[in-house]
Ligand code: ADP
Ligand code: MG
């Protein structure tokens, strides 16, 4: 595994210069889909850096290239041109197996549709990413329990997805994304299927993971309301970065929740 050495030497070099390795460094990324009769240039010369501990929202209209960008960031796909350093590792040169390996070790994914296994308990869903590791069963279970507790679901370990609300299912998915202790959490429209209150609850979990545990988050949304919980917003249009700016009046989900009227008894966790 060549990139292990690559990672170490990059970290050592960065340490010697007194710099932290960015979690994400995209350098002149292009993506061209050549599947149809005419090639689609989905990303055009995208360069950006995300430092450890940032919370970034990527915004843009449908077709602007958000998913293409997320697929590259998540090592699900490779850029046509340009370089992608993930936590100091050149992910743009890895083959399919190597990308699967780096995904398991470095990235947690949260999707709009939760993507939990049905007929499988919350705890087992959270444990899934650990099945690819060599951790002993007891350690896997311990870590999964901790991750579920972190999202406030310690008491729902044995519940199956169909016994949980949408918000609870998404919290299980967040716990699953954290269980490998990833360098980067990627969320694609994580509140797209949720009502307003539940969306704020999910954003409060992301904000506390980011603030209290220093987890780096990149979240895709087409809703400005949701993007304003992040510290930085990147707007894409036609495959290019149109704007990249710090959020001035950042929303605070925990504060907002404390000031909402109480939820109906039956909706409570
Ligand atoms: P968004 O997520 O912002 O809606 P996408 O990244 O999905 O945008 O798409 C960007 C452009 O690339 C669109 O024109 C889309 O039609 C095209 N595209 C996306 N995926 C593929 C693919 N697998 N093959 C061909 N074209 C694609
Ligand atoms: Mg998309």
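The values are calculated or read from the model by the stated rules, or taken from the named source; none is laboratory data. None of the values given here were measured: they were computed from a predicted structure. All Cβ positions, glycine included, derive from the backbone under ideal geometry; neighbour counts span all protein chains shown.
Some notes on this structure:
- Residue check, residue 33 touching a strand residue (DSSP E or B) at 6+ places or on another chain (Cβ under 6 Å) and surrounded by fewer than 15 Cβ atoms within 10 Å (Cβ to Cβ): yes
- Residue-level check: of (1) modelled with pLDDT of 95 or more; (2) within 16 Å of ligand 2 (Cβ to nearest atom); (3) surrounded by fewer than 19 Cβ atoms within 10 Å (Cβ to Cβ), residue 219 misses just (3).
- Flag if residue 195 is within 21 Å of the chain's Cα centre (by Cα) and either within 16 Å of ligand 2 (Cβ to nearest atom) or more than 20 Å from residue 114 (Cβ to Cβ) (or both): no
- Residue 108 vs. criteria touching a residue at least 40 places away in the same chain (Cβ under 8 Å), within 16 Å of ligand 2 (Cβ to nearest atom) and under 22 Å from residue 67 (Cα atoms): no
- When restricted to residues that are touching a helix residue (DSSP H, G or I) at 6+ places or on another chain (Cβ under 6 Å), assigned to a loop (DSSP other than H, G, I, E, B) and more than 16 Å from ligand 2 (Cβ to nearest atom), the stretch 40-77 contains 1.
- Filter pass, residue 43 being over 14 Å from residue 184 (Cβ atoms) and within 16 Å of ligand 1 (Cβ to nearest atom): yes
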